[in-house]
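What follows is one structure encoded as structure tokens, with my remarks underneath.
Every read-out reported here was derived from the displayed coordinates using simple, explicitly stated rules and does not represent laboratory data. As the structure is a prediction and not an experimental result, all values here were calculated from the model.
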Amino acid sequence: MIMPHPVDVTVGNRVREFRIRKGLSQQALGERVGVSFQQIQKYERGTNRMGSSRLV
């Protein structure tokens, strides 16, 4: 199994913290940015890299 890159994990943690602070579910955040809740889960775990265009 490939370990996630530390930067991806850090970004994912920040996304999760932001989502929780705003009171959003993974589903709601996914709908707002145009991805599935499964993709949000992967971003938050750092298993998928989030492109800079999604971070804006």
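Pull out the extension gain between Glu17 and Arg54, defined as 0.36 nm times the separation in residues minus the alpha carbon to alpha carbon distance; nm, one decimal. Numbers along the way, then the final one.
Details: separation 37, 0.36 × 37 = 13.32 nm, distance 1.61 nm.
Stretched fully, the Glu17-Arg54 segment lengthens by 11.7 nm.
Hydrodynamic analysis of the chain uses the Kirkwood radius over alpha carbon pairs. Inserted into Stokes-Einstein at 4 °C and 1.567 mPa s, it gives a translational diffusion coefficient of 116 µm²/s.
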